[in-house]
Amino acid sequence: MQPTATLTSKRIASIDLLRGAVMIIMALDHTRDFFHREAFTGDPLNLASTTPFLYFTRWITHLCAPTFVFLSGVSAWLQHGRKTTKELSGFLITRGLWLILLEITVITFGITADIHFGFFILQTIWSIGISMIILGLVIWLPFKVILSIGLLIVIGHNSLDFAEADRQGNVPLFWNFLHLPTVVPLGGGHFLGIFYPFLPWAGLMILGYCFGRVFTTIDPPRRNKIVLWTGIGLLVFFIALRLLNIYGDPSPWSQQENSLFTFLSFMNVTKYPPSLLFLAVTIGVALLFMALVKNTSGRFSKIISVYGRVPFFYYILHFYLLHIITIVLYLQRGHTITEGVKGVPGLPFKFAVPGEGYSLGIVYIVWIAVVIALYPLCKWYDRYKTNHKEKWWLSYL
């Protein structure tokens with residue numbers, strides 16, 4: 001089935017607003033990674049050592065990757081309204097390959113600042129790229145088959161947890177790409193970090209593609225109700241299944257010293273790879289946002305939407321700006337360029353020392369400053385894309 005282009009501009013604006021919001025939140029997590037004094041020495045979700053504020057700072061960013069992957073699927077459906085299946089399939093496959101290439105080159109360097117590329121990173125952009133390739137192949141199938149594949153993957157992939165537990169993580173390499181994160185030695189002092197196994201992400205993008213049908217075939221009032229009740233349904237599903245503690249996430253919750261930390265345990269679902277419950281709660285919240293936030297024409301909403309219209313451009317820039325600031329502060333603390341380039345043994349990130357860094361308050365200040373600083377560039381690029389739609393290569397950035 002090829003969708004018809006009946007989407008209203010308001011709904012497009014709401015998607016841009018949601019995407020922009022999660023892109024801004026995403027930068028908070030990466031700022032914490034670069035600047036927080038405990039970034040390399042502790043886990044912000046470890047209930048034995050975290051604080052509620054630190055936990056929330058990390059947990060809120062869980063919304064980012066699944067929302068962006070889901071919306072990438074929705075966007076693919078919307079593009080199908082103006083592209084043939086052959087054109088869309090070719091675009092998804094080639095763009096997916098392009099994203100993977102950029103992940104292991106431009107983005108890896110932006111994250112590690114390692115000129116020798118001792119550590120190649122496969123995370124968010126890789127997962128989007130490989131998921132686009134898979135989606136580009138499955139869109140030839142009937143809609144019901146595509147939907148069934150997406151549901152089967154998202155609902156059923158946690159059954160693989162039991163096999164992985166039985167084998168104590170001793171699985172072949174293809175399985176690591178599919179479902180189990182790992183670090184692979186490549187020889188010569190180089191490593192490959194598979195942090196985003198692609199199976200659940202591909203399933204989520206396929207479901208996003210199928211959900212895109214809601215935006216092109218249903219009138220706005222009824223559509224908004226569907227988005228709202230789907231979001232509510234996902235959250236109810238999350239609570240019910242999480243209470244059972246038997247399926248949907250490999251990390252069970254437990255009673256803690258007080259009700260607050262018991263709640264934090266309940267919400268501490270697995271991201272690597274994203275469990276069924278992780279996807280249910282994050283996409284549920286995202287859909288509620290889309291349904292309930294109706295003012296997409298206000299000044300603040302328009303500012304946020306700019307980031308949502310140029311997400312990949314912003315994604316690359318924010319890593320490089322964060323690392324530039326990191327290097328400046330590293331030198332200010334008395335280190336040298338030589339020390340920074342050499343790095344700390346066992347740590348793939350250059351110009352960083354475990355235990356050095358700043359308070360969470362400083363992290364928030366740097367985060368806000370980086371987001372604001374990137375706005376003029378994002379605004380310029382947004383206008384450039386709008387005024388140069390004839391340039392085909394812009395759709396790859």
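The values are calculated or read from the model by the stated rules, or taken from the named source; none is laboratory data. Since the structure is predicted, the reported quantities are computational estimates derived from the model, not experimental observations. Here the Cβ positions follow ideal geometry from the backbone for every residue, glycine too, while neighbour counts run over all protein chains shown.
Could you tell me whether the range 292-303 includes any residue that is in contact with a Ser or Thr (Cβ under 9 Å, 6 or more places away or on another chain) and hydrophobic (A, V, I, L, M, F, W, C)? Yes, because at least one residue in the range 292-303 is in contact with a Ser or Thr (Cβ under 9 Å, 6 or more places away or on another chain) and hydrophobic (A, V, I, L, M, F, W, C). Right, ILE194: of a type in the set (Val, Ile, Thr) and surrounded by 20 or more Cβ atoms within 10 Å (Cβ to Cβ) or not? When the stated conditions are applied, ILE194 passes them.
Kindly indicate whether any position in the range 141-151 is touching a residue at least 40 places away in the same chain (Cβ under 8 Å), surrounded by 19 or more Cβ atoms within 10 Å (Cβ to Cβ), under 17 Å from the mean Cα position of the chain (by Cα) and closer than 26 Å to LEU63 by Cα. Checked the range 141-151: no residue is touching a residue at least 40 places away in the same chain (Cβ under 8 Å), surrounded by 19 or more Cβ atoms within 10 Å (Cβ to Cβ), under 17 Å from the mean Cα position of the chain (by Cα) and closer than 26 Å to LEU63 by Cα. Counting only residues that are not in a loop (DSSP other than H, G, I, E, B) and not aliphatic (A, V, I, L, M), the range 234-254 holds 3 of them. Condition check for PRO348 on (1) within 25 Å of the chain's Cα centre (by Cα); (2) at pLDDT 95 or above; (3) crowded, with 17+ Cβ neighbours inside 10 Å: one failure, at (2). Examine the range 222-233 for a residue that is surrounded by fewer than 18 Cβ atoms within 10 Å (Cβ to Cβ), of a type in the set (A, V, I, L, M, F, W, C) and closer than 23 Å to LEU160 by Cα, and state whether such a residue exists. No, the range 222-233 contains no residue that is surrounded by fewer than 18 Cβ atoms within 10 Å (Cβ to Cβ), of a type in the set (A, V, I, L, M, F, W, C) and closer than 23 Å to LEU160 by Cα. What are the residue pairs meeting all of these: first residue in the range 207-220, first residue at pLDDT 85 or above and surrounded by fewer than 20 Cβ atoms within 10 Å (Cβ to Cβ), second residue polar (S, T, N, Q) and assigned to a helix (DSSP H, G or I), Cβ atoms under 9 Å, and 6 or more apart or on different chains? Taking only residues 6 or more apart or on different chains, the pairs are VAL214/THR230.
Which count do you get for residues in the range 120-145 that are assigned to a helix (DSSP H, G or I) and more than 21 Å from LEU97 (Cβ to Cβ)? Outline the logic, then answer.
Residues of the range 120-145 assigned to a helix (DSSP H, G or I): 124-138, 143-145.
Keeping just the survivors that are more than 21 Å from LEU97 (Cβ to Cβ) gives 143-145.
Within the range 120-145, residues that are assigned to a helix (DSSP H, G or I) and more than 21 Å from LEU97 (Cβ to Cβ) number 3.
Just need a number here: residues in the range 282-306 that are without any contact (Cβ under 8 Å) to a residue 60 or more places away in the chain and in a helix (DSSP H, G or I). Of the residues in the range 282-306, 4 are without any contact (Cβ under 8 Å) to a residue 60 or more places away in the chain and in a helix (DSSP H, G or I).
What's the total number of residues in the range 44-77 that are under 19 Å from LEU207 (Cβ atoms) and crowded, with 20+ Cβ neighbours inside 10 Å? Even if it seems obvious, please write down each step before you answer.
Of the range 44-77, the ones under 19 Å from LEU207 (Cβ atoms) are 62-77.
Next, only the ones that are crowded, with 20+ Cβ neighbours inside 10 Å stay: 62-74, 76-77.
The total comes to 15.
Hey, can you tell me all the residues within the range 202-224 that are of a type outside the set (Phe, Trp, Tyr), more than 16 Å from ILE283 (Cα to Cα) and part of a helix (DSSP H, G or I)? Give the derivation first.
Narrowing the range 202-224 to residues of a type outside the set (Phe, Trp, Tyr): 202-208, 210, 212-214, 216-224.
Of the ones still in play, those that are also more than 16 Å from ILE283 (Cα to Cα) are 213, 216-223.
Scanning the range 202-224 gives ARG213, THR216, THR217, PRO220, PRO221, ARG222, ARG223.
Scanning the range 234-246 for residues that are under 23 Å from the mean Cα position of the chain (by Cα) and either modelled with pLDDT under 95 or crowded, with 16+ Cβ neighbours inside 10 Å (or both), we see that the one that is nearest to ALA163 (Cα to Cα) is ARG242.
Evaluating SER89 against the criteria (1) touching a Gly at 6+ places or on another chain (Cβ under 9 Å); (2) polar (S, T, N, Q); (3) under 27 Å from PHE278 (Cβ atoms) leaves one unmet condition, (3).
Every residue in the range 307-336 that is in a helix (DSSP H, G or I) and without any contact (Cβ under 8 Å) to a residue 12 or more places away in the chain, please. Matches in the range 307-336: ILE324, VAL328, LEU331, GLN332.
Selection over the range 305-323 of residues that are surrounded by fewer than 20 Cβ atoms within 10 Å (Cβ to Cβ), touching a Gly at 6+ places or on another chain (Cβ under 6 Å) and among the hydrophobic types (A, V, I, L, M, F, W, C) gives a count of 0. So in the range 290-304, with the set limited to residues that are of a type in the set (A, V, I, L, M, F, W, C) and either touching a Cys at 6+ places or on another chain (Cβ under 6 Å) or surrounded by 18 or more Cβ atoms within 10 Å (Cβ to Cβ) (or both), which one is farthest from LEU160 (Cα to Cα)? Across the range 290-304, the extreme among qualifying residues is ILE304.
Of the helices (runs of 4 or more DSSP H) entirely within the range 13-119, those holding at least 3 residues that are modelled with pLDDT of 95 or more and in contact with a strand residue (DSSP E or B) (Cβ under 7 Å, 6 or more places away or on another chain) occupy 108-112. In the range 21-36, the residues that are in contact (Cβ under 8 Å) with a residue 60 or more places away in the chain form Cβ pairs under 8 Å with partners that are basic (Lys, Arg), at six or more places apart or across chains, as follows: ARG32/ARG58.
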